[in-house]
Structures are given as C-alpha cells and as structure tokens.
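Contents: one structure, followed by commentary.
The values are calculated or read from the model by the stated rules, or taken from the named source; none is laboratory data. This one's a predicted model, so the numbers in the text were calculated from it and none came from an experiment. No Cβ is skipped: glycine too gets one built from the backbone with ideal geometry, and neighbour counts run over all protein chains shown.
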Amino acid sequence: MTDADLDRSYSALAAALAEAGESAAPLLLSMVCLALIGRADRADDVVPLIDQARRQLAEAGRGGA
C-alpha cells in the first residue's frame, strides 16, 4: 500500500468514526476488523496482529485481565 493509500484509508476510517460517534465507534471498529479478517488467507496472518494489539493495550495499562 502506498503512503497515499494509507492516508486515504486512515482518513476514511477517521471520518467514519466521527460520523458513528463515540457510542457506536467500538461497533464500527469491530465490523471493520471482522471484514478485514475475512479477507485474510490464513489465521496465521491475523492472530499475530491480534496478539500485538493485546500486548500494546496491556503495556499502556488498558488491558483487561
């Protein structure tokens, strides 16, 4: 993905989150994540990304358990 593509994608996500509002943002993000997971060829492409996000939340003191 080019820098322009990344910028376009981030901007579209930011606009969608702003439109959804704070209360619906988690649902929107979940829907986007599930759609992106569905495009992956293998779980081995997805699970490390989930683990990385979980670690980052824990390091920031925002993780659950």
- What residue, of Gly21, Gly64, is more than 15 Å from the chain's Cα centre (by Cα), at pLDDT below 95 and loosely packed, with under 11 Cβ neighbours inside 10 Å? Gly64
- Would you mention how many residues in segment 24-34 are within 9 Å of the chain's Cα centre (by Cα) and not hydrophobic (A, V, I, L, M, F, W, C)? 1
- Message: I want to confirm something. Restricting to segment 25-46 and keeping residues that are out of contact with any helix residue (DSSP H, G or I) (no Cβ under 8 Å at 6 or more places or on another chain) and surrounded by 12 or more Cβ atoms within 10 Å (Cβ to Cβ), which single residue is nearest to Gly63 (Cα to Cα)?
- Response: Cys33
